[in-house]
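Since the structure comes first, as structure tokens, the remarks are kept for the end.
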Amino acid sequence: MKKTKRKPSKPAARSPARQADPAPPRAQDRRAFLNRLSWIGLAAGVAGGGVFLGARSVTARMEEGDLERIGQGIPAVVQVHDPTCPSCAALQKQARRAMRDFSDDSLIFLVADQTTQQGRDFAQAFGVTHITLVLLNGQGEHVETLQGVRPAAELRPAFLALAD
């Protein structure tokens, strides 16, 4: 018997995969609106939290820069600080770490910012430059001057002696 070549058969026409009935247009619009609204709410919450934390940080910095708090009955640690100096930033980090053990009514931390006239006047009055901590008693009298970057563990005993 003679073999004949068959023509390749055409693939059977495929029926489109059955999909779930699409939601009516009105329901899709509502769903998209609610989805956008949830993202807007999330973004607003994140932005609001950032504003809150930023405002809190600014308030704390303003309080630290208020050198008029010196001599008000609470001992003070005053950092003579240049914001462009990396060593000053390192000292400030260590001083703040050491201050965690003290409440605001036992010892306060202040910053004499060298970019302000008040900060420069403070440094000149005590004859010091940046990267310095000046320790003052509750009446604003000089107790001790600490120069250079020091670890928090070394600063803590000096702060404790000042607070007593």
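The values are calculated or read from the model by the stated rules, or taken from the named source; none is laboratory data. Since this is a predicted model, take the numbers as computed values, not measurements. Note: ideal-geometry Cβ built from the backbone for every residue, glycine included; neighbour counts use all protein chains shown. Note: areas computed on protein heavy atoms with side chains; ligands, DNA, RNA excluded. Shrake-Rupley method; radii C 1.70, N 1.55, O 1.52, S 1.80 Å.
Can you spot a residue in segment 74-81 that is touching a residue at least 60 places away in the same chain (Cβ under 8 Å), assigned to a loop (DSSP other than H, G, I, E, B) and either over 17 Å from THR145 (Cα atoms) or not basic (Lys, Arg) (or both)? The answer is yes; a qualifying residue exists.
Condition check ((1) out of contact with any Gly (no Cβ under 9 Å at 6 or more places or on another chain); (2) more than 12 Å from GLN79 (Cβ to Cβ)) across all residues:
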site: ARG96; (1), (2): yes, no
site: ARG100; (1), (2): yes, yes
site: VAL111; (1), (2): no, no
site: GLN117; (1), (2): yes, yes
site: ALA123; (1), (2): yes, no
site: VAL128; (1), (2): yes, no
site: THR132; (1), (2): no, no
site: PRO157; (1), (2): yes, yes
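Which residues, counting only those in segment 67-85, are open to solvent by 60 Å² or more (accessible area, probe 1.4 Å) and more than 20 Å from the chain's Cα centre (by Cα)? GLU68, ARG69, GLN72 - these are the residues of segment 67-85 that are open to solvent by 60 Å² or more (accessible area, probe 1.4 Å) and more than 20 Å from the chain's Cα centre (by Cα).
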